[in-house]
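The values are calculated or read from the model by the stated rules, or taken from the named source; none is laboratory data. On a predicted model such as this, the values are computed, not experimentally measured, just so you know. Please note: Cβ atoms are built from the backbone with ideal geometry, for glycine as well, and neighbour counts cover all protein chains shown. The protein model used for the area step is the full one, side chains on, heavy atoms only, and it has no ligands, DNA or RNA in it. Shrake-Rupley method; radii C 1.70, N 1.55, O 1.52, S 1.80 Å.
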Amino acid sequence: MHAMQYRIVLPADYDMEIIRTRVRTRGHATDDFPGLALKAYLVRERGVDGSPVNAYAPFYVWNDTAGLGRFLWGGGGFGPLVADFGRPTVHSWIGAGAVAGPARGSVPAVATLHTEPLGHGADPAETMARAQRELALRAATPGVHTAVAALDPHHWELLQATLWEREAPPEQPGERYRLLHLSSPGLDRLSPTAPG
């Protein structure tokens, strides 16, 4: 399992209806994409949920790297985005787990993504064991559709991503996004329970 996200920060006066229309008309293209577990079409709007910026920031969970590669450079859909917005930096994490929450049967409306750098003395094994314990607890929270934990071993950064049925609890850390569309062709292949 691999997690991936790119963020396109847009001007403060950008008409976010352009992004909503883009997702409405093109989002279905990943509804059956091979190797994709889920793609959450995420946006942040300046002044909403504390966001200082407008941004389009899709979040992906891949069941295999072949699908990820096909998407990024194999003609699978990244090209039109690059043509319209330029090539963004793609952040990626190796998955520690993805867990179905009690709201898995609903359509999620909100996502939170929280990243945490690992200190220089942090033991990766201990960090990931803690992340998996926290993943299980987070996934059991009412309103959770899917909870993900993953690690970027290049920057030693832990990612905790959560898709929520409606609103995230105020104490939930991380950036808050509105979810415009969810493609989930391989969601059933993700682990239904926390690993370990």
Please work out if THR89 is open to solvent by less than 60 Å² (accessible area, probe 1.4 Å), under 18 Å from the mean Cα position of the chain (by Cα), of a type in the set (Val, Ile, Thr) and closer than 21 Å to HIS154 by Cα. no
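With respect to ARG104, is the statement that it is surrounded by 13 or more Cβ atoms within 10 Å (Cβ to Cβ), among the charged types (D, E, K, R) and either in contact (Cβ under 8 Å) with a residue 24 or more places away in the chain or in contact with a helix residue (DSSP H, G or I) (Cβ under 9 Å, 6 or more places away or on another chain) (or both) true?
Values: surrounded by 13 or more Cβ atoms within 10 Å (Cβ to Cβ): yes; among the charged types (D, E, K, R): yes; either in contact (Cβ under 8 Å) with a residue 24 or more places away in the chain or in contact with a helix residue (DSSP H, G or I) (Cβ under 9 Å, 6 or more places away or on another chain) (or both): yes.
When the stated conditions are applied, ARG104 passes them.
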Every pair of residues 6+ apart whose Cβ atoms lie under 7 Å, when the first sits in the range 154-177 and is over 17 Å from ARG7 (Cβ atoms) while the second is part of a strand (DSSP E or B) and of a type in the set (D, E, K, R): LEU158/GLU116; ALA168/ARG176
For GLU45: the one exception among (1) over 21 Å from VAL110 (Cα atoms); (2) surrounded by fewer than 18 Cβ atoms within 10 Å (Cβ to Cβ); (3) within 18 Å of the chain's Cα centre (by Cα); (4) touching a residue at least 12 places away in the same chain (Cβ under 8 Å): (1)
It is to be established whether one or more residues within the range 57-67 are modelled with pLDDT of 95 or more, open to solvent by less than 60 Å² (accessible area, probe 1.4 Å) and over 17 Å from the mean Cα position of the chain (by Cα). no
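How many residues, within the range 153-178, are part of a strand (DSSP E or B) and open to solvent by less than 20 Å² (accessible area, probe 1.4 Å)? Give the derivation first.
In the first step, residues of the range 153-178 are kept if they are part of a strand (DSSP E or B); the result is 157-164, 175-178.
This time we only want the ones that are open to solvent by less than 20 Å² (accessible area, probe 1.4 Å), so: 158-159, 161-164, 177.
Residues in the range 153-178 being part of a strand (DSSP E or B) and open to solvent by less than 20 Å² (accessible area, probe 1.4 Å): 7 in total.
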